[in-house]
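**Q** I am attaching a structure below and will ask some questions about it afterwards.
Taken together, the values in this text are just the output of simple stated rules run on the coordinates, not laboratory data. Owing to the predicted nature of the structure, the values given are computational and were not obtained by experimental measurement. Positions of Cβ are backbone-derived with ideal geometry, glycine not excepted, and every protein chain shown enters the neighbour counts.
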Amino acid sequence: MCGIIATVGRNRAIPVLLEGLHRLEYRGYDSAGLAVLDGGRLVLHRKVGRVRELEAQVPAEQPGTVGIAHTRWATHGGVTEANAHPHLDTTGRIAVVHNGIIENMSALRARLEGEGVRFRSETDSEILAHLIGRYYFAEDGSETAGRPVAAVRAALRVVRGTWGIAALFADHPELIVAARNGSPLVIGLGEGQSYLASDSHALVPYTRRVVFLDDGEVARIDASGVQTWHSDGAQVDNAIETLEEVWGDGDKGRYPHLMLKEIHEQPEALSRCLSGRVVSETGTARLGGLDLSPRDLARISRVGLLGCGTAYHACRVGAQLIEAATRVPAKAEIASEFRHRNPVVDPDALFFAVSQSGETADTLGAVKEIQIKGGEVMGVVNVVGSSIARACGRGVYIHSGPEMSVASTKAFSNMVAALAVFTLMLARQRGLSVHDGRAYIQQLLDVPSRVAAYLDEPGPIDELVSWVTAPTTNMVLFLGRGLSAPVAAEGALKLMEVAYIPCIAYPAGEMKHGPIALLEEGSPVIVIAPRDALQDKTLSNLQECKARGARVALIHTAGDPVGRYADLSIPVPDTHPFFSPLLTVLPLQLLAYRAGLALGRDIDRPRNLAKSVTVE
Ligand code: AGP
């Protein structure tokens, strides 16, 4: 989603801004822009489309050592150059970039228009530029007049919503003002040069010494460092942290797309997630980041798992594992629904906020709701130091490594693996024997090599691609029961987002209560039925589909003769039924990838989507 990069110091700003914008591209965006100060004048460049198109428009030798830049993912107002950031105040001497949403936009816009302000865009963000200008250029004598930090603070006092902002003042070439409320910002400290970004990935080429802004803070950033204040004006003592897990630059390596690379990284990523966390000797698990003693584990009355999209599907798998293996009630819930239903938060429950990016606004909102109500919530997150990880304080890093393709693949697997490790830890405390704990570990540790074996020989995926991309196909139905129901949902989500093919996923038993009406001669149905206790029932549903003329592809355990019931058999390596989602999801990831390819889609950056969804 939207991204911010800014810099101030002794070096030319443009190369830093453009490099930063490129590093933010993976988040998803539809336009980009930047502003630099050149001899006391604000120079603005904005462009709809890719960062490289903006780059082509900016003079190579554009001077200026202070600047702000932005990638926009449209929320208020269409994808136009006028709506791209930065936005200027009426004098053209203040430029602002903004991530987030101004909720009281209508009232503020009407008020400013009433005062004679002429808006140049349809965005909520432009309001910030005008409000800051209004306080900065206030009559002499006003305490905000000519004072950038005070003007920003005053402007934010009348705004409701979420923001991460950077503001540039033509009268102050020595500084940038930043502010955060619900939209992440991190300040990078270099030698005679400082940086600001919405994502630490953009700072990596320059520095690892960083200061994370917290909600409600306003910062003054200059070449020598940063000063920060709370919204009430009290100064904050900034802790300087070191970025430890530094991600590469999204290099595709030998693969044509990041998505395919990340699919193939799963064996290695899974091993990384498990490594050092399962202890064969005692048949249990160690998750130091949770900081839970056996006594703490004994007190857990229930487990709640919250996430969105793919992370929610991983939560559904995790909830089933936890409940089945530990007998502790566990429930997965869509994070974007959670806080809006005024949930009851049991103080003895343990919640997990599951998120690859650690920045998903809905999941972060759920974390806050739990904390307000006195609940315990921990992160299951990929990005170290992300907002959710920091808000939770405790948790499990899933260690997928960088996932830059918008379609999540290896993060799903590692979320499931991390939750499987937690399941073992809780199960051992709840009575699982050391013998059974060891068997669980053995099966879990075998998964990465089985994933690798499948990816080496994925089976007849291309035939399935020809079914789902056929001009006669107007919908694909995915079915599974138990642990395979969330896998079906994940397969459908993946095919929709990468190939733009309408898909429906249903727990197989529910199919006859409605979706069966959609089936006609040749309708493609993908059934997930590994060898488990529910397989027979799922196969009955498969027959019901076939009886209505559907073409059925069956994802099943290798060596299981059930493949003969389907029109297309896709075997995956055997594993313990608990871990089957880590195998059965693989053909579905490849299907989405290859179908997207066949249809000429923008695989790594599908239309309308963003990698981290930082608005509600
Ligand atoms: C997955 O392919 C999607 N791009 C999306 O559903 C994603 O999983 C969701 O937005 C949650 O993101 P998070 O894991 O970063 O919180």
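**Q** Which helices pass in the chain if a helix is a full DSSP H run, must span at least 24 angstrom along its long axis by Cα, and must have mean Kyte-Doolittle hydropathy not below 0.0?
**A** Helices meeting the criterion: 309-326, 410-429, 580-598.
**Q** Another one. Would you calculate, for the chain, the mean residue ellipticity at 222 nm contributed by helices, counting each DSSP H stretch of 4 or more residues as -39,500 (n - 2.57) and dividing by all residues, to the nearest 500?
**A** Helix-only estimate at 222 nm: -10500 deg cm²/dmol.
**Q** Given a Förster distance of 35 angstrom, what is the FRET efficiency for R41 paired with A107, based on the Cβ-Cβ distance and rounded to 0.05?
**A** The formula returns an efficiency of 0.60 here.
**Q** Estimate the FRET efficiency between H230 and D171 by the formula 1/(1 + (r/R0)^6), using the beta-carbon distance for r and 22 Å for R0, to the nearest 0.05. Write down the numbers at each step before the final one.
**A** On the way: r = 25 Å, r/R0 = 1.14.
After rounding to 0.05, the efficiency reads 0.30.
**Q** Do any of K261/K368; K261/K611; K331/K546 go past 25 Å between their Cα atoms, and which?
**A** K261/K368; K331/K546
**Q** Which of rounded, prolate, oblate describes the chain, given a ≥ b ≥ c as roots of the alpha-carbon gyration tensor eigenvalues and a/c under 1.5 marking rounded, otherwise prolate only if a/b is larger than b/c? Numbers along the way, then the final one.
**A** On the way: a/c = 2.12, a/b = 1.67, b/c = 1.27.
Cα axes put the chain in the prolate bin.
**Q** Assuming 0.36 nm per residue, please report the length gained on full extension of the stretch A239 to E520 beyond their Cα-Cα distance.
**A** 94.9 nm
**Q** Restricting to Cα pairs below 8 Å that are 6+ residues apart, what does the relative contact order work out to for the chain? Please round to a whole percent.
**A** Relative contact order here is 12 percent.
**Q** Have a look at the DSSP beta bridges in the chain and tell me what percent are antiparallel, nearest 5.
**A** Around 65 percent of the beta bridges assigned by DSSP in the chain are antiparallel ones.
**Q** Taking a spot 7 Å from the Cα of D291 along the direction of its beta carbon, which residues of region 390-417 have an amide N less than 18 Å from it?
**A** The answer is 390-398, whose backbone nitrogens lie closer than 18 Å to the label point.
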